[in-house]
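Input: a single structure, listed below in structure tokens.
The values are calculated or read from the model by the stated rules, or taken from the named source; none is laboratory data. Predicted model only: the values in this text are computed from it and were never measured. With ideal geometry, Cβ positions are generated from the backbone for all residues, glycine too; neighbour counts draw on all protein chains shown.
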Ligand SMILES: [Zn+2]
């Protein structure tokens, strides 16, 4: 797995598009994880920002051990362009499971594309972890997207 994490400072706009600064949005989640009191949506946003920043270490750390891949690579031609949260279920500060449905725009070799995913999250040892995701347009649960 090549490449290193892109540099970012706390004062810039957070890559997840929350309108907050990185230092008051996804930055603390990247540093400490999404622990007690945080929401599944916060982890979802932090994982999107981690894809933007090529932070493979965080992505693996926030992945459920049952579904976690061995490595993560980043495609330099895959450029994330924006995240929109569409819906959430559960995933509150004191809950154990949750889902987040989102659309993430990206460019690949200059083509504008969109990822539509319903992600499942589970709290393990106090912290939210990403379990897996499905394409809601493909007929709901049962078809694994990645
Ligand atoms: Zn953020």
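Return yes when residue 64 is over 15 Å from the mean Cα position of the chain (by Cα) and more than 10 Å from the ligand (Cβ to nearest atom) and no when it is not. No.
Which residue is farthest from residue 98 (Cα to Cα), if the candidates are limited to the stretch 31-40 and must be surrounded by fewer than 22 Cβ atoms within 10 Å (Cβ to Cβ) and within 13 Å of the chain's Cα centre (by Cα)? Among those residues, the one meeting the criterion is 33.
Do you know which of the residues in the stretch 34-43 that are assigned to a helix (DSSP H, G or I) and within 16 Å of residue 22 (Cα to Cα) is nearest to the ligand (Cβ to nearest atom)?
If we filter the stretch 34-43 for residues that are assigned to a helix (DSSP H, G or I), which is where we start, we get 40-43.
The next check asks that each one be within 16 Å of residue 22 (Cα to Cα); those that pass are 41-43.
Values: 41: 10, 42: 8, 43: 11 Å.
My answer is 42.
Here the condition is being without any contact (Cβ under 8 Å) to a residue 60 or more places away in the chain, outside any strand (DSSP E or B) and away from the ligand (no atom under 12 Å from the Cβ); of 31, 46, it holds for 31 alone. For the stretch 58-71, a tally of residues being surrounded by fewer than 18 Cβ atoms within 10 Å (Cβ to Cβ) and either touching a helix residue (DSSP H, G or I) at 6+ places or on another chain (Cβ under 7 Å) or part of a helix (DSSP H, G or I) (or both) returns 3.
State whether one or more residues within the stretch 81-91 are within 12 Å of the ligand (Cβ to nearest atom), within 19 Å of residue 132 (Cα to Cα) and either at pLDDT 95 or above or touching a helix residue (DSSP H, G or I) at 6+ places or on another chain (Cβ under 9 Å) (or both). There is at least one residue in the stretch 81-91 that is within 12 Å of the ligand (Cβ to nearest atom), within 19 Å of residue 132 (Cα to Cα) and either at pLDDT 95 or above or touching a helix residue (DSSP H, G or I) at 6+ places or on another chain (Cβ under 9 Å) (or both). Annotation for the stretch 138-146: at least one member residue is surrounded by 13 or more Cβ atoms within 10 Å (Cβ to Cβ), assigned to a loop (DSSP other than H, G, I, E, B) and at pLDDT below 95. Just so you know, in the stretch 2-28 the residues that are touching a residue at least 60 places away in the same chain (Cβ under 8 Å) and within 11 Å of the ligand (Cβ to nearest atom) include one that is surrounded by the most Cβ atoms within 10 Å (Cβ to Cβ), and it is 16. Sort out which residues of the stretch 43-57 are touching a helix residue (DSSP H, G or I) at 6+ places or on another chain (Cβ under 7 Å) and buried (at least 24 other Cβ atoms within 10 Å of the Cβ), and write them in order of number. The answer is 43, 45, 46, 47, 49, 50. Of 98, 82, all but one fail to be outside any helix (DSSP H, G or I), touching a strand residue (DSSP E or B) at 6+ places or on another chain (Cβ under 7 Å) and in contact (Cβ under 8 Å) with a residue 60 or more places away in the chain; the exception is 82.
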